[in-house]
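Here the structure comes first, spelled out in structure tokens, and everything after it is commentary.
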Amino acid sequence: MHARMRTARTAAEGRLFTWLSALFLVLGATGVAQATIPAAVNGQAVPSLAPMLKGVTPAVVNIASKSHVRSRDPYFSDPVLRQFFGGRQAPEQTEQSLGSGVIVNAQKGYVLTNNHVIAGADDITVTLKDGRAFKAKLVGTDPDTDIAVVQIPAQHLTALPLADSKKLQVGDFVVAVGDPFGLGQTVTSGIVSAKGRTGLGHTYQNFIQTDASINPGNSGGALVNLKGELVGINSMIYSPSGASAGIGFAIPSDLAQEIMQQLLKYGKVRRGTLGLDTQALTPRMAKALNVSAGKGVVVTQVEQGSPAARAGVEPGDVITQLNGRPMDDPHDLRNAEGLLPVGSQATLTVLRNGHSHTLSTRIEPEHLATLQGQQLDPRLAGVNLRDLPKALRSQGVAGVEVHAIDARSDAAQQGLDQGDVILAVNQRRVTAVADLKRLFSRGHPRQLMLTILRDQQMYYLMLH
């Protein structure tokens, strides 16, 4: 009996193997088995990516940055412990960062990379594929989109042409080039998994998602199409372990180019606003406003004299599109508004009393109150403070932003950093620069304790 069972199982396994083999041959014949490699590009067979990469890899560089900072050990930042140690300052430490970059202008030596690769760096070294290394000059950074531009004094460079990333489609083949883990230049391939990804940490986002492997050190590297054109700057990954899990994100080349042009022209990014406060549209709210239930953004307030006010936008209007792009929630509107250059046209499609209207205006600069810290207290010397941009206020954050800080200042040495949001001073809430002026108008407090928000975490920081 056991022999008959073994014989029957062997026969069944043979039939299964035959069926699977036939299926494999059918799939191969229809091209499904070859889905990871396109048959041709521009009519030319592509048996290998190597010919295309010969023109790409010389334009991708390694970036090493160094920054010198005081230790943030609590033994030195706490004033009581510091006094116990004889008032000694914290020892200086050298922090190093490794990443990648892309040469986009061979004549002038401009290199695109991520802001987080060179943030706070005192020394930036760019190493080319041919082994040449150059000290780089920082041209400008934009933390809100995580883009930075550096310049190297080099000749005989290779630059990547920029593609129109708006034409990129889900399913298009892409190749990531960078320097993961400092191993040396590495190439990985995959497809575009999604477009327009948002809600991933930076203030303004429009990420390309790809399954091409992106790992630590790839940041700032190139995402190219099969023509060898730059379609994105590799920026971040989503992974529980910190290693590639097949979900990587790149900043579209169109956005990177716009940011780069502003940094080259103005040294910073000039962002504008429509002058609106909004909230998400709910079914109950849609019924109350006499509009069809669906996705959209409800206008709750229009700033007097703002571009939106001049266009005729009213509280209660439901914005469904901006420049033809659907606005599903307030984050979509904030993101689209922040990515439009100052002076650009903004066409809004709004629903009002059940009827659709088209309103046009132009994006204008956002005016924020600023203040030099030394005007408040000597302990804040070297700190530039400003009201929070609307993009942060609309996320529910209330405070005053450390817009810039001198790395040599006492405040910086004690742990205050650019981008920190001051929520309170000596446990008294502040929501604007005007609040700080009122608090310090009574004189300099004996102790100065700041409550700050950094990377979505709250900290207390004593300045002395």
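The values are calculated or read from the model by the stated rules, or taken from the named source; none is laboratory data. It should be emphasised that the depicted structure is a prediction, and the values quoted were computed from it without experimental measurement. Reconstructed Cβ throughout: ideal geometry from the backbone, glycine too, with neighbour counts over all protein chains shown.
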Filter region 370-397 for residues that are small (Gly, Ala, Ser) and surrounded by fewer than 16 Cβ atoms within 10 Å (Cβ to Cβ); which is modelled with the highest pLDDT? Ala381
(1) assigned by TED's automatic domain parsing to the domain that holds Ile214; (2) closer than 23 Å to Val117 by Cα; (3) in contact with a Pro (Cβ under 9 Å, 6 or more places away or on another chain) all hold for Leu157 apart from (1)
Of the conditions (1) under 30 Å from Gly324 (Cβ atoms); (2) without any contact (Cβ under 8 Å) to a residue 40 or more places away in the chain, Leu392 satisfies every one except a single condition; which number is it? (2)
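Return the only residue of Ile363, Ile319 being touching a residue at least 12 places away in the same chain (Cβ under 8 Å), crowded, with 19+ Cβ neighbours inside 10 Å, within 26 Å of Leu255 (Cα to Cα) and out of contact with any Asp or Glu (no Cβ under 8 Å at 6 or more places or on another chain).
Answer to the selection: Ile319.
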Output for region 157-175, where each listed residue is buried (at least 16 other Cβ atoms within 10 Å of the Cβ) and assigned to a helix (DSSP H, G or I): Ser165
Quick one: is Pro445 under 30 Å from Gly305 (Cα atoms) and surrounded by fewer than 18 Cβ atoms within 10 Å (Cβ to Cβ)? no
Could you check, for region 176-196, whether at least one of its residues is in a strand (DSSP E or B), over 22 Å from the mean Cα position of the chain (by Cα), at pLDDT below 95 and not assigned by TED's automatic domain parsing to the domain that holds Gly228? no
Please enumerate the residues belonging to region 129-156 that are buried (at least 20 other Cβ atoms within 10 Å of the Cβ) and either part of a loop (DSSP other than H, G, I, E, B) or among the hydrophobic types (A, V, I, L, M, F, W, C) (or both). Ala136, Asp144, Thr145, Asp146, Ile147, Ala148, Val149, Val150, Ile152
Residue in region 140-153 that is nearest to Asp254 (Cα to Cα), counting only those that are out of contact with any helix residue (DSSP H, G or I) (no Cβ under 6 Å at 6 or more places or on another chain) and at pLDDT 95 or above: Val150
Can you list residue pairs whose Cβ atoms sit under 6 Å apart, with the first residue in region 331-343 being crowded, with 18+ Cβ neighbours inside 10 Å and the second being in a helix (DSSP H, G or I)? Count only pairs 6 or more apart in sequence or on different chains. Arg334/Ala391; Gly338/Ala391
From Ala336, Ala346, grab the single residue that is closer than 30 Å to Leu112 by Cβ, in a strand (DSSP E or B) and within 29 Å of the chain's Cα centre (by Cα). Ala346
Hey, among the residues in region 267-312 that are among the basic types (Lys, Arg) and over 30 Å from Asn115 (Cβ atoms), which one's surrounded by the fewest Cβ atoms within 10 Å (Cβ to Cβ)? Arg284
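Okay, residues lined up against (1) in contact (Cβ under 8 Å) with a residue 40 or more places away in the chain; (2) over 22 Å from Leu263 (Cβ atoms); (3) not assigned by TED's automatic domain parsing to the domain that holds Ile233; (4) not β-branched (Val, Ile, Thr):
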| residue | (1), (2), (3), (4) |
| --- | --- |
| Ala121 | yes, no, yes, yes |
| Ile124 | yes, no, yes, no |
| Ala136 | yes, no, yes, yes |
| Asp144 | yes, no, yes, yes |
| Phe173 | yes, yes, no, yes |
